[in-house]
């Protein structure tokens, strides 16, 4: 490269400053979970695990705080359902757009991408409004009480599913595009049934992409705030519980403890998805 | 495969797509469009008209909030591009093969952390009793603690932080495809660094730039947490107005009108961006 010494040095310095900028709020959020103080701020009062494990009030630890644990449970539950559904739908979409020919394919492909460019808040309110319209209609016309169409976990699942499916579809379709169709033909010539080819040849090939799509969907669902905020009922997921705590009670280091757990959890999952993608590169 | 079986599998694959796009995307958008045209007269009695939109345009607070959100989102997008481009270029072209993947992964770290945690980290750093203020007092650089939260500057920094990864990722993947020979040819033909940047690198990276800008802009304009937590009560962000109309005031009709206004506005900016640069949604956003 045509880069001279001092210029390259300045460039490197900029890179370093940028990475400090990237990690500093994360470090700040993490470190103060271990500060033996009532507030997440300096001065440093010594190291403690209290904000994780203390069972008594002034410093009620995360693992004894029922509301936060409940929120975490709800997030886990929602995340698993949403990830499963969106990977299933994403796989169908991948086959649809990679393998099938049909009219208006390009326009429909654009439609598939559109949920990514609709702001999350709008997705949230539009699903809220539409679900209420359907529920009111069912109530007025048939006397049915469709409580699952009122704010609550089912609506949160639908809201997150609506944009996560685009992500999973794109990830899985990218992998399917690399598939060598002659493998399927060979299996068919050798006498395998269509279903068997799908189960033993094509799906195993797609599995790494499906797995990492699942992990990404789960993480994004776990962290989602904007769409969820509009659709949430009484069973609030963790991000909403944490936000409530932040706004109403003010910040205590227990929120830092939550941050640490979230960062560790998503770090591990991210690593897992990277490892799952690895064989793809050598293949 | 017989024609019938092929047709059947097409229908089976189409069904989830239609249900998803129809029930969760198109009909809900039609739903808020419809609701935004209604006006509540009394309980369960509505009339149709543009009143919600007239109210929106007639009330300077609402109008200005949308304009302010738009202006700040464009500023954040521009800043993210200017800050992110050198980073992406370094990762794609200057870093050695081995450190490239590590640098790229490091860039992605904040992506895996919730918005909420990131904003919370900034609060811990920047507030009056926060880390930076306390440290500066201790070192004698300032005399008394200063509040660094709740101003526009902080909101912009926080937003750039939140969205810059979505700028870097598409830029890296586009720049990685660029052949170094192009640059060498540019230099050999006597181009200065600036000329090579302007005439070769930037045109080549255009799809990445456009896709990064679109995603960044949409995320910024639609963001809720960062402006509210870092900007405080007077952040006047448009999504906050939508939330207030819906949840606090329970005025769904006017909230829907606000939602439609935001959607129309952001779609217009995206459309104008695509038009000006001659790109399409399928080739930019869908690429990564």
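The values are calculated or read from the model by the stated rules, or taken from the named source; none is laboratory data. It should be emphasised that the depicted structure is a prediction, and the values quoted were computed from it without experimental measurement. Glycine gets a Cβ as well: all are built from the backbone with ideal geometry, and neighbour counts include every protein chain shown.
Key figures
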item: Breaking point among (1) out of contact with any helix residue (DSSP H, G or I) (no Cβ under 7 Å at 6 or more places or on another chain); (2) touching a residue at least 60 places away in the same chain (Cβ under 8 Å), for residue B:193; result: (2)
item: Any hit, the range A:12-25, residues being within 11 Å of another protein chain (Cβ to nearest Cβ) and farther than 27 Å from residue B:230 by Cβ; result: yes
item: Enumeration of residues in the range A:248-260 that are in a loop (DSSP other than H, G, I, E, B), more than 8 Å from chain B (Cβ to nearest Cβ) and touching a residue at least 60 places away in the same chain (Cβ under 8 Å); result: A:252
item: Single match in B:74, B:87, B:109, B:11 (criterion: facing chain A (nearest Cβ under 8 Å) and either without any contact (Cβ under 8 Å) to a residue 24 or more places away in the chain or closer than 20 Å to residue A:118 by Cα (or both)); result: B:109
item: Helices (runs of 4 or more DSSP H) wholly inside the range B:1-120 that include at least 1 residues being modelled with pLDDT under 90 and within 17 Å of the chain's Cα centre (by Cα); result: B:60-89, B:97-108
item: Unmet requirement for residue A:191, which otherwise passes all of (1) without any contact (Cβ under 8 Å) to a residue 24 or more places away in the chain; (2) part of a helix (DSSP H, G or I); (3) more than 14 Å from chain B (Cβ to nearest Cβ); result: (2)
item: Yes/no for residue B:69 being farther than 30 Å from residue B:33 by Cβ, touching a residue at least 12 places away in the same chain (Cβ under 8 Å), crowded, with 20+ Cβ neighbours inside 10 Å and within 14 Å of another protein chain (Cβ to nearest Cβ); result: no
item: Residue in the range B:243-250 that is crowded, with 21+ Cβ neighbours inside 10 Å, over 17 Å from the mean Cα position of the chain (by Cα) and free of Cβ contacts under 8 Å to residues at least 12 places away in the same chain present; result: yes
item: Condition met for residue A:249 (crowded, with 18+ Cβ neighbours inside 10 Å and more than 19 Å from residue A:95 (Cβ to Cβ)); result: no
item: Residue list for the range A:133-143, filter: more than 8 Å from chain B (Cβ to nearest Cβ) and either touching a strand residue (DSSP E or B) at 6+ places or on another chain (Cβ under 8 Å) or surrounded by 12 or more Cβ atoms within 10 Å (Cβ to Cβ) (or both); result: A:134, A:135, A:136, A:137, A:138, A:139
item: Residue in the range A:175-188 that is within 11 Å of chain B (Cβ to nearest Cβ) and surrounded by 23 or more Cβ atoms within 10 Å (Cβ to Cβ) present; result: no
item: Residues located in the range A:100-109, provided they are over 16 Å from residue A:167 (Cβ atoms) and within 8 Å of chain B (Cβ to nearest Cβ); result: A:100, A:102, A:106, A:108
item: Within the range B:128-140, tally of residues that are within 19 Å of residue A:246 (Cβ to Cβ) and either over 30 Å from the mean Cα position of the chain (by Cα) or within 8 Å of chain A (Cβ to nearest Cβ) (or both); result: 3
item: Matching entry among A:75, A:126 (being more than 9 Å from chain B (Cβ to nearest Cβ) and either on the phi > 0 side of the Ramachandran plot or assigned to a helix (DSSP H, G or I) (or both)); result: A:75
item: Test: residue B:171 is away from chain A (no Cβ under 13 Å), in a helix (DSSP H, G or I) and closer than 29 Å to residue B:156 by Cβ; result: yes
item: Some residue of the range A:82-95 being at pLDDT below 90, surrounded by fewer than 23 Cβ atoms within 10 Å (Cβ to Cβ), within 19 Å of residue A:231 (Cβ to Cβ) and facing chain B (nearest Cβ under 9 Å); result: no
item: Check on residue B:155, free of Cβ contacts under 8 Å to residues at least 12 places away in the same chain, surrounded by 18 or more Cβ atoms within 10 Å (Cβ to Cβ), touching a helix residue (DSSP H, G or I) at 6+ places or on another chain (Cβ under 8 Å) and assigned to a helix (DSSP H, G or I); result: no
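Results for (1) modelled with pLDDT of 80 or more; (2) more than 11 Å from every other protein chain (Cβ to nearest Cβ); (3) within 30 Å of residue A:36 (Cβ to Cβ), shown as yes or no for each residue.
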site: A:208; (1), (2), (3): yes, yes, no
site: A:230; (1), (2), (3): yes, no, no
site: A:235; (1), (2), (3): yes, yes, no
site: A:240; (1), (2), (3): yes, no, yes
site: A:246; (1), (2), (3): yes, no, yes
site: A:262; (1), (2), (3): yes, no, yes
site: A:270; (1), (2), (3): no, no, no
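Residue-by-condition table, conditions (1) facing chain A (nearest Cβ under 10 Å); (2) surrounded by 23 or more Cβ atoms within 10 Å (Cβ to Cβ); (3) assigned to a helix (DSSP H, G or I):
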| site | (1), (2), (3) |
| --- | --- |
| B:159 | no, yes, yes |
| B:196 | yes, no, yes |
| B:199 | no, no, yes |
| B:207 | no, no, yes |
| B:215 | yes, yes, yes |
